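Readers should treat all values here as calculations from the given coordinates under stated rules, not as data from a laboratory. All values derive from a computational prediction rather than experimental measurement. Please note: Cβ atoms are built from the backbone with ideal geometry, for glycine as well, and neighbour counts cover all protein chains shown.
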Amino acid sequence: MKKLAELYRGKAKTVYTTDNPDLLVLEFRNDTSAFDGQRIEQLDRKGMVNNKFNYFIMSQLRAAGIPTQVEKLLSDTEVLVKKLDMVPVECVVRNRAAGSLVRRLGVEEGYIFNSPTFELFLKNDALHDPMVNDYHCKAFGWATDEQLAKMKELSFKINTVLSELFAKAGLILVDFKLEFGLYKGEITLGDEFSPDNCRLWEKETLKKMDKDRFRQSLGGVIEAYEEVAKRIGVPL
Ligand code: TMP
């Protein structure tokens, strides 16, 4: 496999084509973005930590029967993945109130829901990722009812698997964001799962161990990511 040209540069990762049209290379950079790219800073080691974290989580999910795009860890900051035709919406699962839901519904941070919630957001920085629903997805042709049903089913299954994995390490999985795409017609998990796109709180102290440390300028961002990685057994 040969890495060829840069295909797309996102806020935190760069995507490269390879000599195999079905495979891409994802490179995790140190860039850390918040507020739809309005604030971007370089955090030492972040590319490496998130790449290895993501590879570990995706391997666990694959073992639990979730189709993922991940093929092979290539280096500290690169992973080989299947090329997906991405669905342009983000799927957010929440177990407790935090972030935008607190602002939207006026509940207290940490409020524990009776059952997990599922929300869809259109990927569009200029519009600040507006919330959309199943009807928008169908009306604009972003995803069919069948594809949405699969995305929802996989999102809740991922919530079950990962809530347990983090609970064993003394951490609460508060919420997380997933992105799916199609590989040969099958809904497949893409993008990444790392402390950049989930909320993790220490069970005993409720200390934030995720990107909220960056968003809220709490300091010790990468140290927290590394602590989570160590606790769940990610080899760094
Ligand atoms: P929110 O509370 O800001 O809506 O975020 C919900 C979850 O989604 C949280 O774990 C952070 C994650 N997220 C992303 O990964 N990317 C984004 O652009 C946003 C807004 C949230």
Counting only Cα atoms, I'd like the Rg/Rh figure for region 1-121, Kirkwood definition for Rh.
1.02
How long are the three semi-axes of the equivalent ellipsoid of region 170-214, in whole Å, if each is the root of 5 times an eigenvalue of the C-alpha gyration tensor, listed from largest down?
28, 10, 6
Long-range Cα-Cα pairs in region 113-195 (distance over 22 Å), rounded percent
31
Could you sort 54-60, 153-159, 70-76, 129-135 so that the peptide with the highest average Cβ count within 10 Å comes first and the rest follow in order?
54-60, 153-159, 70-76, 129-135
Relative contact order (%) - the chain, alpha-carbon pairs under 8 angstrom, separation at least six
17
Using a cut-off of 15 Å between beta-carbons, work out the net charge of the residues near residue 150 (Lys and Arg +1, Asp and Glu -1, residue 150 not included).
-3
Given labels modelled 7 Å from the Cα in the Cβ direction, how far is it in nm from residue 104 to residue 207?
3.1
What does the charge count near residue 76 come to, summing +1 for each Lys or Arg and -1 for each Asp or Glu among other residues with Cβ under 11 Å from its Cβ?
0
Value of Rg/Rh across the chain [Cα atoms, Kirkwood radius]
0.93
Suppose R0 equals 25 Å; then what is the FRET efficiency for residue 124 and residue 156 from their Cβ-Cβ distance, rounded to the nearest 0.05?
0.50
Amide H contacts under 5 Å for residue 3, restricted to residues at least 5 apart in sequence or on another chain and with H modeled in the peptide plane, are none
Build a GNM of the chain with springs between Cα atoms under 10 Å: which of 223, 78, 146 gets the top mean-square fluctuation?
146
Specify the residue with the greatest mean-square fluctuation among 206, 122, 171, computed from a Gaussian network of the chain linking alpha-carbon atoms under 10 Å apart.
206
Which distance in nm do the two modelled labels at residue 131 and residue 62 give, with both placed 7 Å along the Cα-to-Cβ direction?
3.5
